[in-house]
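Notes follow once the structure below has been shown.
The values are calculated or read from the model by the stated rules, or taken from the named source; none is laboratory data. This is a predicted model, so every value here is computed, not measured. Counting neighbours? That spans all protein chains shown, and the Cβs are built from the backbone with ideal geometry, glycine included. Heads up: the accessible areas ignore ligands, DNA and RNA and are worked out on the full protein's heavy atoms, side chains in. Shrake-Rupley method; radii C 1.70, N 1.55, O 1.52, S 1.80 Å.
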Amino acid sequence: MYQFNYKKVETIQEAVNELTANPDSKILAGGMTLIPTMKQRLASPEKLIDIRNIEELNFIREESNNIIIGSTTNHFTVSSSDLIKEKIPSLSMLAEGIGDPHVRNMGTIGGAISNNDPTADYPAACLGLGAKIKTSKRELMADEFFISLFETALDEDEIVVSISFPIIKDSFYMKFPNPASRYAMAGVFISKNETDIRVAVTGASENGVFRWSEMEESLSNNWSKSSVENIKLSPEGIMSDIHGSSEYRANLANIMAIRAFEGINE
Amino acid sequence: MSLVELEINGNKVSHDVEERQLLVHFIRDDLSLTGTHVGCDTSQCGACVVHVDGKAVKSCSMLAVQANNSKITTIEGLADGENLHPVQEAFRENHGLQCGFCTPGMIMAAVDIINRNSILNEKTVREELEGNLCRCTGYQNIVKSILAASEKM
């Protein structure tokens with residue numbers, strides 16, 4: 001790892017000030033992606049701004065039919081929260097499937113979405129539930145937040161404060177985890193409320209998480225398993241690497257969609 | 001350099017460290033507690049698991065500076081003098097190790113698993129061991145050891 005400076009901050013304002021004053025700095029939350037990346041010398045920030053101890057970012061609460069999760073809340077806390085288990089069980093199940101217990105004790109929801117890894121789980125929940133992301137500057141819909149591979153709408157001096165998930169009981173996430181890393185080889189999040197059906201896919205596209213509009217349309221016309229089975233994801237623009245070809249991943253997304261649909265209807 | 005002050009296995013320590021120093025290297029090289037192992041160094045294998053403020057973490061993926069002001073327990077902090085911790089004892093009784101390289105991480109993970117789950121079954125133990133790799137035992141006796149220890153704790 002290259003040498004860097006380090007600063008632990010106590011407030012959101014302090015974090016933003018540090019980011020503004022140090023353009024080559026990076027926010028450190030759980031560090032479960034950032035530190036391994038720095039060890040491989042794929043990232044070399046001049047300064048790390050450690051936000052893990054900012055009290056006001058670590059919370060889970062219910063507010064007007066939403067579950068709001070502070071950005072430094074770790075995956076274990078989300079997966080074991082009784083409130084989330086009761087209100088959005090699909091979200092607690094998703095958190096429980098990230099990495100392993102030790103990684104879940106450190107990794108944070110804010111870090112996961114800010115990094116926007118194309119195979120991460122949380123981006124699928126954000127898009128699939130229509131979450132609202134509050135930053136140090138503004139509020140963004142998940143649809144505006146995730147731009148592309150490892151790219152979000154966040155400005156250089158902006159950090160995620162919290163994520164607000166609408167309470168939608170009829171939702172389910174199914175992924176096929178890479179056997180070594182547990183990242184999604186393909187993961188599909190489906191949700192259905194009175195007005196909206198959303199289907200989000202992670203792990204598959206070369207441009208990161210996306211809404212599968214053909215599938216949403218098909219399910220909106222007819223909420224049935226055959227509607228899911230009739231839609232096939234095209235391998236075009238789907239990732240291809242040593243873990244699987246684009247055809248393999250596209251097919252996997254179809255299967256995960258069927259299982260997610262079955263999960264809601266069980 | 002940054003000053004790191006923390007409590008490890010009940011002892012207070014204070015050290016200047018490079019910001020880039022990993023917690024596992026701080027524990028092994030600066031504090032000479034070599035029970036915690038570096039296996040894969042890519043946060044897959046779990047040989048480096050220690051408890052930071054009561055939570056099991058991979059010390060190869062955490063900076064020493066992040067652990068400032070924390071309480072750490074390593075494998076050396078489990079036994080009570082000559083008396084082994086129930087999980088250590090169970091690993092010995094049930095032949096839960098062969099080469100022993102993964103064992104410190106396995107045991108630290110196991111203590112955490114038992115602390116978090118009042119009722120344990122084989123399925124839960126196997127799922128919870130997701131982050132710990134063993135290349136000798138085939139896990140059979142590790143799972144047996146953890147289940148046996150959970151009865152005694």
(request) For A:F172, work out the one condition from (1) open to solvent by 10 Å² or more (accessible area, probe 1.4 Å); (2) touching a residue at least 60 places away in the same chain (Cβ under 8 Å); (3) in a loop (DSSP other than H, G, I, E, B) it doesn't fulfil. (result) (3)
(message) Restricting to segment A:15-25, give me the number of residues that are in contact (Cβ under 8 Å) with a residue 24 or more places away in the chain, in a helix (DSSP H, G or I) and over 25 Å from the mean Cα position of the chain (by Cα).
(response) 2
(request) Would you mind finding the one in B:G10, B:G54, B:G46 that is touching a residue at least 12 places away in the same chain (Cβ under 8 Å) and more than 18 Å from A:N105 (Cα to Cα)? (result) B:G10
(message) Six or more apart or on different chains, Cβ atoms under 7 Å: show the pairs whose first residue is in segment A:226-241 and on the phi > 0 side of the Ramachandran plot and whose second is small (G, A, S).
(response) A:G237/A:S205
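Got a sec? Which strands (runs of 3 or more DSSP E) wholly within segment B:1-73 have at least 1 residues that are in contact with a helix residue (DSSP H, G or I) (Cβ under 7 Å, 6 or more places away or on another chain) and modelled with pLDDT of 95 or more?
B:2-8, B:11-17, B:49-52, B:55-58
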(request) Kindly establish whether B:L97 is aliphatic (A, V, I, L, M), crowded, with 23+ Cβ neighbours inside 10 Å and farther than 24 Å from A:S79 by Cα. (result) no
(message) Given the criterion within 17 Å of the chain's Cα centre (by Cα), among the aliphatic types (A, V, I, L, M) and closer than 19 Å to B:S59 by Cβ, identify the matching residue among A:V78, A:V103.
(response) A:V103
(request) For A:R104, indicate whether it is more than 20 Å from A:A253 (Cβ to Cβ), within 14 Å of another protein chain (Cβ to nearest Cβ) and out of contact with any Lys or Arg (no Cβ under 6 Å at 6 or more places or on another chain). (result) yes
(request) Kindly check whether there is at least one residue in segment A:83-95 that is open to solvent by 20 Å² or more (accessible area, probe 1.4 Å), among the charged types (D, E, K, R) and touching a Lys or Arg at 6+ places or on another chain (Cβ under 7 Å). (result) no
(message) For a quick check of your reading: which helices (runs of 4 or more DSSP H) sit entirely within segment B:101-153 and have at least 2 residues that are under 21 Å from A:E96 (Cβ atoms), of a type in the set (A, V, I, L, M, F, W, C) and touching a Leu at 6+ places or on another chain (Cβ under 8 Å)?
(response) B:103-116, B:140-152
(message) Residue under question is B:S43, and the condition is that it be at positive phi, open to solvent by 70 Å² or more (accessible area, probe 1.4 Å) and within 17 Å of the chain's Cα centre (by Cα); does it hold?
(response) no
(request) Select from segment B:129-150 the residues that are open to solvent by 30 Å² or more (accessible area, probe 1.4 Å) and in contact with a Lys or Arg (Cβ under 8 Å, 6 or more places away or on another chain) and list them in ascending order. (result) B:E130, B:Y139
(request) Count, please, the residues in segment A:1-15 that happen to be surrounded by 13 or more Cβ atoms within 10 Å (Cβ to Cβ) and farther than 22 Å from A:N74 by Cβ. (result) 3
(request) Residue by residue through segment A:176-197, note down the ones that are in contact with a helix residue (DSSP H, G or I) (Cβ under 9 Å, 6 or more places away or on another chain), in a strand (DSSP E or B) and open to solvent by 30 Å² or more (accessible area, probe 1.4 Å). (result) A:F176, A:K192
(request) Report the residue count in segment A:37-55 for those that are under 18 Å from A:I113 (Cβ atoms) and not in a loop (DSSP other than H, G, I, E, B). (result) 2
(message) If I go through segment A:23-36 residue by residue, how many of them are within 14 Å of another protein chain (Cβ to nearest Cβ) and open to solvent by 40 Å² or more (accessible area, probe 1.4 Å)?
(response) 3
(message) Under 6 Å between Cβ atoms, which residue pairs at least 6 apart in sequence (or on different chains) link something in segment B:96-123 that is within 14 Å of another protein chain (Cβ to nearest Cβ) and among the basic types (K, R) with a partner that is surrounded by fewer than 24 Cβ atoms within 10 Å (Cβ to Cβ) and not in a helix (DSSP H, G or I)?
(response) none
(message) Of the residues B:V38, B:V49, only one is within 11 Å of chain A (Cβ to nearest Cβ) and of a type in the set (V, I, T); which?
(response) B:V49
